[in-house]
Amino acid sequence: MDFGIAGKKALVCAASKGLGKGCAMALAGEGVELVILARGKEALEATAAEIRQATGAKVATVVCDITTEEGRKAALAACPEPDILVNNAGGPPPGDFREWDRAAWIKAIDANMLTPIELIRRTVDGMIARRFGRVVNITSSAVKAPIDILGLSNGARTGLTGFVAGLARKTVRHNVTINNLLPGAMDTDRLRTTIEVMAKNRNLSVDAVRAERAAAIPAGRFGTSDEFGAACAYLCSAQASYVTGQNFLIDGGAYPGTF
Ligand code: NAD
């Protein structure tokens, strides 16, 4: 299926690795022009080269921390009028809520709630004026089923989800949709690091913990960045113009609810 977005411009945040990279690759495969950003130059340039090689798409890069005002300015200077915005940043650390002071909460809320809202604020009116816009926020399955040690993520991302639920109903009339993609366990660096920590804590091998975690997922495995990126490309497609304010789990069936 042709998604009808060739030639559109996308700003894809936190895209040198993992899920952001999967989204960037899938959009490039649809002929979208990309600006991708991440904090580390080396990995970002390597990813840009890989995407150009694989798809022939135009890919510009911005080395920045998107959770800072300086980073957001640099990103929007490189891509002032995106048709597609993929919001993403690293997730907050795990822990016990008794250890999190106000500064820890503000940092999490800044990264996983206020940064995407700020990027939407600065791009959505242009999308409305051009009568095309697609915003995809990478959130987490923790929005639907909280993970006890990830309280900062549960809280900050649910705040974003609540905000988006209201705004997404205002913009869709102008062919500007806003949706959230909720990853479950996806095979990225972040998951690999978590598994290494779990293996060390439990004095088990990494392979044993990986196998145990994968077996607990109805699909019997972790998801891939490519699978995630394909879902993102669909949400950004011309065909998805009647889909807004939704929360899509990509979790291999891990969430056990009927709805
Ligand atoms: P990853 O560690 O594989 O990749 C993260 C990417 O984001 C890298 O390119 C990194 O350079 C970039 N990045 C991180 N913080 C940034 C910042 N402040 N500014 C600019 N770039 C930044 O992670 P991932 O697995 O792709 O996860 C992406 C998001 O999805 C995270 O918020 C994560 O918490 C969330 N998530 C992931 C999973 C999973 O299983 N992988 C599950 C639920 C939620």
Show me, for the range 119-124, the HN-Hα J-couplings you get by feeding each phi into the Karplus relation (A = 6.51, B = -1.76, C = 1.60, θ = phi - 60°), rounded to Hz, glycine and proline as x. 5, 5, 4, 8, 10, 5
Globularity index of the range 1-134, i.e. its alpha-carbon radius of gyration over 2.2 N^0.38 Å: 1.09
Output the lone cysteines of the chain: those with no second cysteine's C-beta under 4.7 Å from their C-beta. 13, 64, 79, 236
Residues whose placed amide H lies under 5 Å from that of residue 178, excluding near-sequence neighbours: 135, 245
Can you work out the accessible area per residue across the range 84-155, with the rest of the protein chains kept in place, probe 1.4 Å, in square angstrom? 47 Å²
Quick check: at a probe of 1.4 Å, how many percent of the accessible area of the chain sits on carbon and sulfur atoms? 55 percent
Helical mean residue ellipticity (222 nm; -39500 (n - 2.57) per DSSP H run of 4+; nearest 500) of the chain: -14500 deg cm²/dmol
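If the limit is 29 Å between Cα atoms, which of 41/144; 8/144; 8/170; 17/170; 21/144; 73/200 go over it?
Check vs 29 Å cut-off fails for 41/144; 8/144; 17/170; 73/200.
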Diffing the range 197-203: the Karplus 3J(HN,Hα) column from phi (6.51, -1.76, 1.60, θ = phi - 60°), in whole Hz with x for Gly and Pro, holds 5, 4, 4, 5, 4, 9, 6
Hydrodynamic radius by Kirkwood for the range 92-203, inverse mean 1/r across distinct Cα pairs, in Å, is 15.5 Å
Whole-Hz Karplus couplings 3J(HN,Hα) for the range 68-80, θ = phi - 60° and coefficients 6.51, -1.76, 1.60, Gly and Pro as x, run 9, 5, 4, x, 5, 4, 5, 5, 6, 5, 6, 9, x
What are the principal axis extents of the Cα atoms in the chain, in Å, biggest first? 54, 40, 40
Built amide H within the under 5 Å cut-off of residue 250, gap 5+: 182, 184
Please work out the C-alpha center-to-center distance from the range 194-219 to the range 123-192 and express it in whole Å. 28 Å
Loop-only GluC sites (Glu not before Pro) in the range 172-259, please: DSSP not H, G, I, E or B, and at most 12 other Cβ atoms within 10 Å. none
Just 208, 230, 156 to compare: in a GNM of the chain, with alpha carbon springs under 10 Å, which one fluctuates most? 208
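The values are calculated or read from the model by the stated rules, or taken from the named source; none is laboratory data. Please read these numbers as outputs of a predicted model, since none were measured by experiment. Backbone-built Cβ (ideal geometry, glycine too); neighbour counts: all protein chains shown. Protein only, heavy atoms only, side chains kept; ligands, DNA and RNA dropped before computing areas. Shrake-Rupley method; radii C 1.70, N 1.55, O 1.52, S 1.80 Å.
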